[in-house]
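Enquirer: For reference, the structure I am asking about is given below.
The values are calculated or read from the model by the stated rules, or taken from the named source; none is laboratory data. The structure displayed is predicted, hence computed values, not measured ones. With ideal geometry, Cβ positions are generated from the backbone for all residues, glycine too; neighbour counts draw on all protein chains shown.
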Amino acid sequence: MHNRAVLAQLLLVFVTLLWGSTFLTLQIALTWADPVVVVALRFLLASAILLCILRKSVLSITRYEWKAGLFIGLCIFGVYTLQTIGLATIPSSTSAFLTGLYVAFVPLLQWLVFKNVPQPMTIVTIVLAFAGMTLFANPFAVSFSGQAGEWITVLSALICAAEILSISYFTKGCRPLQLSFTQIITVALLALFTLLWHEPVKPTEWTWGLGICVTALAAIVSFVQFGIGWALKYVSAMKATLIYALEPVFAGIIGWLAGEYFGWSELTGAALIIVAVLISAWRPANRRQTASRES
């Protein structure tokens, strides 16, 4: 079990690296299509990929796996949609900072819903991770003075925390591949329904570039949701949340390789996040050693 827990943490790090890579790909895709169109295409193709993998096994998906996928899919769609709406009225740096509030919302929801009081060291790692994420954004631009986009983005961060906890809750009774399919097809159908009344901000340009970007995004989201579903069987939601905090680090490095600015603020933020993740990964081993010495 210990080896699987270590493997699960490494898988989540890789998943977070893939997440970080999608920002640049998504930014490129949005030059050819509306955000809702990109989401619909991305999750439709991801559903098709998983359907090809499952084939006849799709018929064996249980009612519980459909129920879990529906709830998680609603959360995923809510995060995507609210972030997009919020970005229409606030800067991307402000959106990034407010979205990062999910790091604090996860232990808060655990406390309120599951009565799981966070330990002092957990609070320390949360503060370190959130401070690091703050250095990647511009919190001084946040005012909450009549900016609906800011509150909408905070709501998306809260739903993101609910998504993390719901995957951790449901994954114990679901198969990872089947759970991935049910939640991804839920997002795809919700995006298609949204397109019935949504007016795209720009017409879709059906180019090879858009096809390549959407294919890459679909393949990544298929693997990411499967990886998370498997890993959270062996890793706590709180520890997974701290690993997810590496996302801006990977996104910043990839952006830097593509020519974007990566200064001392970002380097300091990356260091704080990495320290938080290392403390979180070290603590269980440290407790086991202490327990063995005491016995």
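Enquirer: Based on this model, can you work out whether L177 counts as outside any loop (DSSP other than H, G, I, E, B), hydrophobic (A, V, I, L, M, F, W, C), surrounded by fewer than 21 Cβ atoms within 10 Å (Cβ to Cβ) and without any contact (Cβ under 8 Å) to a residue 12 or more places away in the chain? If you could, list the steps in order and put the result at the bottom.
Expert: Details: outside any loop (DSSP other than H, G, I, E, B): yes; hydrophobic (A, V, I, L, M, F, W, C): yes; surrounded by fewer than 21 Cβ atoms within 10 Å (Cβ to Cβ): yes; without any contact (Cβ under 8 Å) to a residue 12 or more places away in the chain: no.
No.
Enquirer: If you don't mind, there's one more thing I want to ask. So is I76 β-branched (V, I, T) and modelled with pLDDT of 75 or more or not? Break it down stepwise before answering.
Expert: Working: β-branched (V, I, T): yes; modelled with pLDDT of 75 or more: yes.
So I76 fits the description; yes.
Enquirer: While we're on this one: Say we look at region 222-237 and pick out the residues that are over 18 Å from R4 (Cβ atoms) and surrounded by fewer than 23 Cβ atoms within 10 Å (Cβ to Cβ); which of these is modelled with the lowest pLDDT?
Expert: Among those residues, the one meeting the criterion is V224.
Enquirer: If you go through region 143-155 one residue at a time, do you hit one that is at pLDDT 90 or above, within 20 Å of F43 (Cα to Cα) and in a helix (DSSP H, G or I)?
Expert: From region 143-155, those at pLDDT 90 or above are 155; that's our starting set.
When the remaining residues are screened for being within 20 Å of F43 (Cα to Cα), the result is none.
Checking region 143-155: not a single residue is at pLDDT 90 or above, within 20 Å of F43 (Cα to Cα) and in a helix (DSSP H, G or I).
Enquirer: Could you go through region 38-55 and let me know if any residue there is farther than 26 Å from T207 by Cβ and either touching a helix residue (DSSP H, G or I) at 6+ places or on another chain (Cβ under 8 Å) or aromatic (F, W, Y) (or both). Spell out how you get there, then give the answer.
Expert: Residues of region 38-55 that are farther than 26 Å from T207 by Cβ, as a first pass: 53-55.
Next, from what is left, pick out any that are either touching a helix residue (DSSP H, G or I) at 6+ places or on another chain (Cβ under 8 Å) or aromatic (F, W, Y) (or both): 53-54.
Yes: region 38-55 contains one or more residues that are farther than 26 Å from T207 by Cβ and either touching a helix residue (DSSP H, G or I) at 6+ places or on another chain (Cβ under 8 Å) or aromatic (F, W, Y) (or both).
Enquirer: Given the options E199, E205, name the one that is at pLDDT below 90, over 28 Å from T268 (Cβ atoms), surrounded by fewer than 20 Cβ atoms within 10 Å (Cβ to Cβ) and of a type outside the set (K, R).
Expert: It is E199.
Enquirer: Considering only residues that are modelled with pLDDT of 70 or more, among the small types (G, A, S) and surrounded by 10 or more Cβ atoms within 10 Å (Cβ to Cβ), which ones fall in region 259-295?
Expert: G263, S265, G269, A270, A271, A276, S280
Enquirer: Also: Would you call T125 in contact with a Lys or Arg (Cβ under 7 Å, 6 or more places away or on another chain), at pLDDT 85 or above and surrounded by 15 or more Cβ atoms within 10 Å (Cβ to Cβ)? Walk me through it before giving the result.
Expert: On the way: in contact with a Lys or Arg (Cβ under 7 Å, 6 or more places away or on another chain): no; at pLDDT 85 or above: yes; surrounded by 15 or more Cβ atoms within 10 Å (Cβ to Cβ): yes.
Taking the combined requirement at face value, the residue does not satisfy it.
Enquirer: Of the residues in region 200-247, how many are among the basic types (K, R) and assigned to a helix (DSSP H, G or I)? Spell out how you get there, then give the answer.
Expert: First pass over region 200-247, keeping only residues among the basic types (K, R): 202, 233, 239.
Keeping just the survivors that are assigned to a helix (DSSP H, G or I) gives 239.
Qualifying residue count, region 200-247: 1.
To keep it simple, each residue is scored yes or no on (1) modelled with pLDDT of 90 or more; (2) in contact with a His (Cβ under 8 Å, 6 or more places away or on another chain); (3) β-branched (V, I, T); (4) closer than 25 Å to S236 by Cα.
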| position | (1), (2), (3), (4) |
| --- | --- |
| L26 | no, no, no, no |
| T62 | yes, no, yes, yes |
| I72 | yes, no, yes, yes |
| F105 | no, no, no, yes |
| L109 | no, no, no, yes |
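Enquirer: Pairs, please: C-beta under 6 Å, at least 6 apart or cross-chain, first residue in contact (Cβ under 8 Å) with a residue 12 or more places away in the chain and in region 53-66, second exposed (fewer than 15 other Cβ atoms within 10 Å of the Cβ) and of a type outside the set (K, R)?
Expert: Y64/G173
Enquirer: Would you mind telling me which numbered condition in (1) over 30 Å from K56 (Cβ atoms); (2) of a type in the set (A, V, I, L, M); (3) surrounded by fewer than 19 Cβ atoms within 10 Å (Cβ to Cβ) A219 fails?
Expert: (1)
Enquirer: Is at least one residue of region 86-99 in a helix (DSSP H, G or I), modelled with pLDDT of 80 or more and within 18 Å of A161 (Cβ to Cβ)? Lay out the reasoning, then the answer.
Expert: Pass one, region 86-99, residues in a helix (DSSP H, G or I): 86-87, 92-99.
Filter again for modelled with pLDDT of 80 or more, leaving none.
So far as region 86-99 goes, no, none of its residues is in a helix (DSSP H, G or I), modelled with pLDDT of 80 or more and within 18 Å of A161 (Cβ to Cβ).
Enquirer: So which residues in region 13-29 are of a type in the set (A, V, I, L, M, F, W, C) and either over 18 Å from T215 (Cβ atoms) or touching a Lys or Arg at 6+ places or on another chain (Cβ under 9 Å) (or both)?
Expert: Taking region 13-29 and keeping what is of a type in the set (A, V, I, L, M, F, W, C), we get 13-15, 17-19, 23-24, 26, 28-29.
V13, F14, V15, L17, L26, A29 - these are the residues of region 13-29 that are of a type in the set (A, V, I, L, M, F, W, C) and either over 18 Å from T215 (Cβ atoms) or touching a Lys or Arg at 6+ places or on another chain (Cβ under 9 Å) (or both).
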